[in-house]
Ligand SMILES: C[S@@+](CC[C@H](N)C(=O)[O-])C[C@H]1O[C@@H](n2cnc3c(N)ncnc32)[C@H](O)[C@@H]1O
Ligand code: SF4
């Protein structure tokens, strides 16, 4: 209880703190970055270089009430068919701007629900990608899969196209919780999806589950976690349920009075965390778990764990190209985000343009602070001198920020010379400690460069 009250004092339970899947975070993107910048940044990719590609599918057949993702319901196939045609056009356009010999180190299909594409569309889209962008050696092709929205034909098409990693949405196995969050999915449906994926040679399988759901208590999350462990996923993402009805209107159906208190959320996370650790999983960053030998676990050990829009990753590529409505790209020069509305995205692409609607050009200050935040989120530790050297910054420039963070978070962060360390008891407030290095969040008037 003493620990909880200390965390409460530091703002754990009431802070609306970014998840830091990027720095600067997406709310600070602006309309000053457009299709011209996106094209220039594509042209600047080194010849023969390896890039990552993210394709976004903004559709779902079912609209789960808890879901805060940007997605739209569809009941017929034609919007999906049109969208796939647009994506193919966008892919060809992006390829034409890139120099020769560019290969893919990662391909990820996310959403929404990418498996809403029928088997024919999956094969067609994958063939276009592979014809334009040959896979690099050891390339990974991962797909987000809703176990309720997939069948043997679609899984065959994905396997045929080279999918070697998959992520399935579970959320919780408790039938009452499933009903209340508008996401009914029997254990058998999930188990069968896992079997079918394994049968097709998927060597790396991730499962998403949530803590902080309505009516969830320690007994229920224990039961759900044990059930998930029976399925032996290689990785687990244990996300805190974000109740943001002002952004995701369908969440208004969820009874607020049934949501666990912030203190109970912390306990729910810890209950599930202990079960994963007992089962031999390694803790990865703030909310992931991985079996020994999984790519995330190996990357963590080797100090190569990274964080991008898809969360934790072992992807080392400097360039992530995001295509599709609302998709975000990251280049060494900055971020570029496509038009969020599907109709707007499609209109731009059909007119032969890139749909980039907003973004941000990095300053040297952004890059340095971004690396500190990434290291804290990944390793719970930042070697400030090493990061200053890596970013070509003046020696000692991060020290005042680190000292201020150490004062503000006394007891849950340690500054030992030039190394900032978050011990285990401070991990629940990692995002808040990271925020102490965020120039945009810490200033009232937008960006103020302190370094
Ligand atoms: C974009 S969904 C894609 C998964 C796929 N459509 C499915 O439902 O299985 C990715 C994940 O985001 C997470 N997510 C969605 N809404 C959330 C919320 N309100 N709070 C926390 N995580 C959420 C869920 O765990 C979900 O599996
Ligand atoms: S959880 Fe998945 S299927 Fe449900 S609405 Fe969100 S993206 Fe769609």
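Descriptive notes on the structure:
- Selected residue (criterion: farthest from ligand 1 (Cβ to nearest atom)) from residues of segment 129-143 that are surrounded by 17 or more Cβ atoms within 10 Å (Cβ to Cβ) and part of a helix (DSSP H, G or I): 132
- Unique match (being touching a residue at least 12 places away in the same chain (Cβ under 8 Å), within 16 Å of ligand 1 (Cβ to nearest atom) and within 28 Å of residue 334 (Cα to Cα)) among 41, 65, 109: 109
- Comparison of 56, 93 shows that the only residue that is assigned to a strand (DSSP E or B), touching a residue at least 24 places away in the same chain (Cβ under 8 Å) and either within 16 Å of ligand 1 (Cβ to nearest atom) or within 24 Å of residue 356 (Cβ to Cβ) (or both) is 56.
- Flag if residue 146 is within 15 Å of ligand 1 (Cβ to nearest atom) and either in contact with a strand residue (DSSP E or B) (Cβ under 7 Å, 6 or more places away or on another chain) or over 30 Å from residue 211 (Cα atoms) (or both): yes
- Single unsatisfied condition, residue 205 versus (1) more than 14 Å from ligand 2 (Cβ to nearest atom); (2) more than 15 Å from residue 65 (Cα to Cα); (3) over 20 Å from the mean Cα position of the chain (by Cα); (4) not in a loop (DSSP other than H, G, I, E, B): (3)
- Considering residues of segment 152-169 that are touching a helix residue (DSSP H, G or I) at 6+ places or on another chain (Cβ under 8 Å) and more than 18 Å from residue 203 (Cβ to Cβ) only, the residue nearest to ligand 2 (Cβ to nearest atom): 154
- For segment 102-120, a residue qualifies if it is away from ligand 2 (no atom under 16 Å from the Cβ) and either surrounded by 21 or more Cβ atoms within 10 Å (Cβ to Cβ) or at positive phi (or both), and the qualifying residues are 102, 104, 106, 107.
- Residue 194 meets each of the listed conditions (1) at pLDDT 95 or above; (2) under 22 Å from the mean Cα position of the chain (by Cα); (3) farther than 30 Å from residue 160 by Cα apart from (3).
- Filtering segment 220-266 to residues that are assigned to a helix (DSSP H, G or I), without any contact (Cβ under 8 Å) to a residue 24 or more places away in the chain and within 16 Å of ligand 2 (Cβ to nearest atom) leaves 249, 252.
- Number of the condition not met by residue 316 [criteria: (1) at pLDDT 95 or above; (2) within 30 Å of residue 281 (Cβ to Cβ)]: (1)
- For segment 14-28, residues that are closer than 20 Å to residue 376 by Cα and modelled with pLDDT under 85 total 2.
- Considering residues of segment 170-191 that are more than 14 Å from ligand 2 (Cβ to nearest atom) and free of Cβ contacts under 8 Å to residues at least 24 places away in the same chain only, the residue surrounded by the fewest Cβ atoms within 10 Å (Cβ to Cβ): 188
Per-residue answers, yes or no, for (1) part of a helix (DSSP H, G or I); (2) within 26 Å of residue 433 (Cβ to Cβ); (3) free of Cβ contacts under 8 Å to residues at least 12 places away in the same chain:
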| residue | (1), (2), (3) |
| --- | --- |
| 280 | no, no, no |
| 330 | no, yes, no |
| 376 | yes, yes, no |
| 382 | no, yes, no |
| 386 | yes, yes, yes |
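- Residue selection: residue 140 fails the criterion of being under 24 Å from the mean Cα position of the chain (by Cα) and within 16 Å of ligand 2 (Cβ to nearest atom).
The values are calculated or read from the model by the stated rules, or taken from the named source; none is laboratory data. Quantities reported herein were computed from a predicted structural model and do not represent experimental measurements. With ideal geometry, Cβ positions are generated from the backbone for all residues, glycine too; neighbour counts draw on all protein chains shown.
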